[in-house]
Amino acid sequence: MSSYSELLRQKGFGRIILSQLLARFPFGMMTIAFVLHIEQMHDSYAVAGLALGAETIGAAISGPLLARWMGPFGARRVILTGAITGAIAMLIIAIFWLPTVLVIFLSLIVGLTSPPIQSAARTIYPSLVSKKQLNSVYAMDATAQEIIWVIGPVTAALLASSFGSAAVVALMAVLQIFGSILFSANREVAQLKIPAPNARVGGILRNRLVLSNAIIGLLMVGSFSGVEVGAVAILDKGTAGLVLAAFSAGSLLGGIFLGNRAKTDWALTKFLAVILLGYSLFWFAPENPWWIGICMFVSGLGVAPAFGLLAALVAKRLKQADAAEAYGWINTGQLMGYSAGAALSGIAIDIISSTAALWVSIIFGAATVVAAALTTKSLNQKPKD
């Protein structure tokens, strides 16, 4: 805890981390908001899952490109252009009844224009603190992100119950614009100069650290979509929001108490095993909201520490010219995993049952642990250029 308090005393660090949290808050609402709104529009969880998957595919495609474009075009311009364009697409989804093809297309646009807030913030952090503080920085960053996932789902569920799902999607659009403006107003963002990378787009994936990081992120985040889409299908709106908040609350506590204690090469595998343990416990009572909440809390304990450790490895071992694009590709891997998991979960619910989505989480979670164990050497040794 003392290491975290020292970070907050560093000039500019608290301002950057708080403003980027607000800018990214709509993402904490998006799963429930999109699933509820689009399912009501078309009476199909499969369509809702495909639309959510399209959004994540769009963000996966644009992540490394927008992160790379922050160099030549400037972070502020790229962030604000994307935020405004995506917000317009969200408002159209909220206001109008749309045929399946169009709602999936607009969801894709939301993803393609997703502002690279996280890549910008994580590229800035090393300039604000000393190198020995980087583990704590990224552990705190990953922990702080969980505030989004604790408050976001609950907010989305409660607002949808009171005002309708369209109001939640519209609120996401407004918050995206306001938060992006606030984040871009930081002088560190306005003055961010990212040197041109030496390699072509995608060349950074030849780095074993980055590729391993992206694969593990893909599998880990893919596991999240099963429990999130499954919770919405199994439980009522308000309860689903609270259960998802329990997942993030566990991650929040895990980040605070475990995040800066990663001391061995096998720390990542251990954190991921905790996530899998929570998933595996679902089957004792897969329709009991209290039990689901407890299981998700247990799983959450490993999430923020794992994310923080993965991000810190990139900050320590890559130059700034490569770090922004690397974070973009890592985010792409995570979003591809979420897209696949969301689509598979929606199909599993429609074809089998609402609890079938939980199997998606277990399968992805087991694959994540195996991948981390197999890539431990790549993650903990400096890759050759």
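The values are calculated or read from the model by the stated rules, or taken from the named source; none is laboratory data. Small disclaimer: the values here were computed from a predicted structure and weren't measured. All Cβ positions, glycine included, derive from the backbone under ideal geometry; neighbour counts span all protein chains shown.
Tabulated results
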{"item": "Residue check for residue 245: at pLDDT below 85, under 22 Å from residue 52 (Cβ atoms) and touching a Pro at 6+ places or on another chain (Cβ under 7 Å)", "result": "yes"}
{"item": "Qualifying residue in the stretch 301-312 (condition: surrounded by 23 or more Cβ atoms within 10 Å (Cβ to Cβ), aliphatic (A, V, I, L, M) and free of Cβ contacts under 8 Å to residues at least 60 places away in the same chain)", "result": "yes"}
{"item": "The one condition in (1) in a helix (DSSP H, G or I); (2) out of contact with any Phe, Trp or Tyr (no Cβ under 7 Å at 6 or more places or on another chain); (3) under 24 Å from residue 373 (Cα atoms); (4) touching a residue at least 24 places away in the same chain (Cβ under 8 Å) that residue 265 fails to fulfil", "result": "(1)"}
{"item": "Residue in the stretch 204-216 that is among the β-branched types (Val, Ile, Thr), in a helix (DSSP H, G or I) and modelled with pLDDT under 80 present", "result": "yes"}
{"item": "Test: residue in the stretch 334-357 that is surrounded by 24 or more Cβ atoms within 10 Å (Cβ to Cβ) and in contact with a Lys or Arg (Cβ under 6 Å, 6 or more places away or on another chain)", "result": "no"}
{"item": "Test: residue in the stretch 180-197 that is under 21 Å from the mean Cα position of the chain (by Cα), part of a helix (DSSP H, G or I), at pLDDT 85 or above and over 30 Å from residue 313 (Cβ atoms)", "result": "yes"}
{"item": "Selection status of residue 161, within 27 Å of residue 251 (Cα to Cα) and modelled with pLDDT of 80 or more", "result": "yes"}
{"item": "Any pair with Cβ under 6 angstrom, 6 or more apart, that starts in the stretch 31-59 at a residue that is in contact (Cβ under 8 Å) with a residue 40 or more places away in the chain and within 15 Å of residue 354 (Cα to Cα) and ends at one that is outside any helix (DSSP H, G or I) and of a type in the set (D, E, K, R)", "result": "none"}
{"item": "Filter result for the condition that a residue is under 20 Å from the mean Cα position of the chain (by Cα), crowded, with 17+ Cβ neighbours inside 10 Å and not aliphatic (A, V, I, L, M), over 74, 82", "result": "82"}
